[in-house]
Amino acid sequence: MRNVVLITGSAGLIGSEAARFFADRGHRIVGIDNDMRKYLFGADASTEWNRNRLAADLPTYRHVNADIRDEAAMGALFEELANDLCLIIHTAAQPSHDWAAKEPLTDFTINANGTLVLLELTRKHCPEVPFIFTSTNKVYGDTPNGLPLVEKAERWEIDESHPFFAHGIDETMTIDQSMHSLFGASKVAADMLVQEYGRYFGMKTACFRGGCLTGPAHSGTQLHGFLAYLMKCTATGAPYTVFGYGGKQVRDNIHSNDLVNAFWHFFEKPRSGEVYNMGGGRFSNCSMLEAIRLCEDITGLRLNHSYSETNRMGDHIWWISDTRRFEAHYPDWKRDYDVAAILEEIYVVNRDRWREAS
């Protein structure tokens, strides 16, 4: 019986959530993770604590310390598991705009080449197995910044007359003629590959173009992990810098469990070459200023923050995901966590660990 779920980036936010979710439903988990996040963002971003927690909590979890770019290591693993795999969830990535500009070759080989290695091995060994890819809304580049935006007291908002106002940005937005950042470009390459293996080869593939993915298992840092890092800084007194747009930039935020639940629905009824914008939508979104206020209310502490006029290149001023395409395909899926609930859980789960570390 095929019962193994292979998860890349298994010690990260989405990977570990997926491991727990599918293990709870009786699946054996094989997780690939080499703690690349520590190399990318420093010791504070290491996922080793989460890997150890997975191993302690999930008796059937098997960890593979390997690099997804290593064709020999990946090939041997796929050959071993070919007859047992029922699902592949690919979450491993270099996830930062700013970091990608430091080492473009590293960024591209992780995000694009690594994805190609996994897709080709899936096609070779188990082409019938669904392949889920955590893409990003950064594939749209800075095109959303050309929308008719209106500055409010605490947030930027889209003009109420625009079709995107009610539900957010849908998959019809172009990905061309915009600045993506090198990270966005490497994720575009991976996104297109995942779609093409679905459309050209008929494999069951899906790109979930996430907004801000978050939750208590996030090892947030300044360069990646908005809500988790903001709450960590508020709770510990560490300095935080707001970059540009008056702190009014808006993001929708989706809890890792809500996202993985969407993966489950796709796994149950997979489709070929699909693309879904996936985020908190109008149900769960906030500006930077609104998030700071929520963190301070939850902790009872003041955030030690400063402001820089320089925004991150290619960054979005306003992003809310329209998830109705996914909901039309999978009408039983729903979100359970709004921003306040997400931040409360991040704080409660991590405050003792943060205090010990500081």
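Show the residue pairs meeting these rules: Cβ distance below 6 Å; 6+ apart or different chains; first residue within the stretch 80-101 and touching a residue at least 40 places away in the same chain (Cβ under 8 Å) and of a type in the set (Phe, Trp, Tyr); second residue outside any helix (DSSP H, G or I) and surrounded by fewer than 24 Cβ atoms within 10 Å (Cβ to Cβ).
Trp99/Leu223
Scan the stretch 232-259 for residues that are of a type in the set (S, T, N, Q), surrounded by 24 or more Cβ atoms within 10 Å (Cβ to Cβ) and within 13 Å of His305 (Cα to Cα) and report the count.
Count: 1.
Which of the residues spanning the stretch 307-345 are surrounded by 15 or more Cβ atoms within 10 Å (Cβ to Cβ) and modelled with pLDDT under 95?
Asn311, Arg312, Gly314, Asp315, His316
Go through the stretch 296-332 residue by residue and tally those that are assigned to a helix (DSSP H, G or I) and among the acidic types (Asp, Glu). First the steps, then the outcome.
Initial filter on the stretch 296-332 (assigned to a helix (DSSP H, G or I)): 296-299, 324-329.
Still in the running and among the acidic types (Asp, Glu): 296-297, 327.
Final tally of qualifying residues: 3.
Name, by its number, the condition in (1) within 30 Å of Pro127 (Cα to Cα); (2) aliphatic (A, V, I, L, M); (3) loosely packed, with under 15 Cβ neighbours inside 10 Å that does not hold for Ala262.
(3)
Out of the strands (runs of 3 or more DSSP E) lying entirely within the stretch 112-172, which hold 1 or more residues that are in contact (Cβ under 8 Å) with a residue 60 or more places away in the chain and of a type in the set (S, T, N, Q)? Break it down stepwise before answering.
Values: elements: 131-136, 149-151, 156-158.
It comes to 131-136.
Name the residue that is farthest from Gln249 (Cα to Cα), counting only residues in the stretch 147-169 that are under 24 Å from the mean Cα position of the chain (by Cα) and of a type in the set (Gly, Ala, Ser).
Here the answer is Ala166.
Select, from Ser284, Ser308, Ser321, Ser256, the only residue that is in contact with a Pro (Cβ under 9 Å, 6 or more places away or on another chain) and among the polar types (S, T, N, Q). Can you show your working first?
On the way: Ser284 fails: in contact with a Pro (Cβ under 9 Å, 6 or more places away or on another chain); Ser308 fails: in contact with a Pro (Cβ under 9 Å, 6 or more places away or on another chain); Ser321 fails: in contact with a Pro (Cβ under 9 Å, 6 or more places away or on another chain).
It is Ser256.
Looking at the stretch 242-259, is at least one residue of a type in the set (Asp, Glu) and over 17 Å from Tyr140 (Cα atoms)?
As a first pass, look at the stretch 242-259 and keep what is of a type in the set (Asp, Glu): 252, 258.
Next, from what is left, pick out any that are over 17 Å from Tyr140 (Cα atoms): 258.
Checked against the condition, which is being of a type in the set (Asp, Glu) and over 17 Å from Tyr140 (Cα atoms), the stretch 242-259 yields at least one hit.
What residue, among those in the stretch 198-231 that are aliphatic (A, V, I, L, M) and more than 20 Å from Val339 (Cβ to Cβ), is modelled with the lowest pLDDT?
Result: Leu223.
Being under 19 Å from the mean Cα position of the chain (by Cα) and of a type in the set (D, E, K, R) is the filter here; which residues of the stretch 328-358 pass it?
Of everything in the stretch 328-358, those that are under 19 Å from the mean Cα position of the chain (by Cα) and of a type in the set (D, E, K, R) turn out to be Lys334, Arg335, Asp336, Asp338, Glu345.
Every residue, every condition in (1) of a type in the set (A, V, I, L, M, F, W, C); (2) touching a residue at least 24 places away in the same chain (Cβ under 8 Å); (3) over 20 Å from Asn253 (Cα atoms); (4) touching a strand residue (DSSP E or B) at 6+ places or on another chain (Cβ under 7 Å), yes or no:
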position	(1), (2), (3), (4)
Ala328	yes, no, yes, no
Trp333	yes, yes, no, no
Val339	yes, yes, no, yes
Leu343	yes, yes, no, no
Arg355	no, yes, yes, no
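Tell me whether the stretch 43-52 contains one or more residues that are of a type in the set (D, E, K, R) and over 20 Å from the mean Cα position of the chain (by Cα). Before the answer, list the steps.
Filtering the stretch 43-52 down to residues of a type in the set (D, E, K, R) leaves 44, 48, 51.
From what is left, the residues that are over 20 Å from the mean Cα position of the chain (by Cα) are none.
No: zero hits.
The values are calculated or read from the model by the stated rules, or taken from the named source; none is laboratory data. Since this is a predicted model, take the numbers as computed values, not measurements. Please note: Cβ atoms are built from the backbone with ideal geometry, for glycine as well, and neighbour counts cover all protein chains shown.
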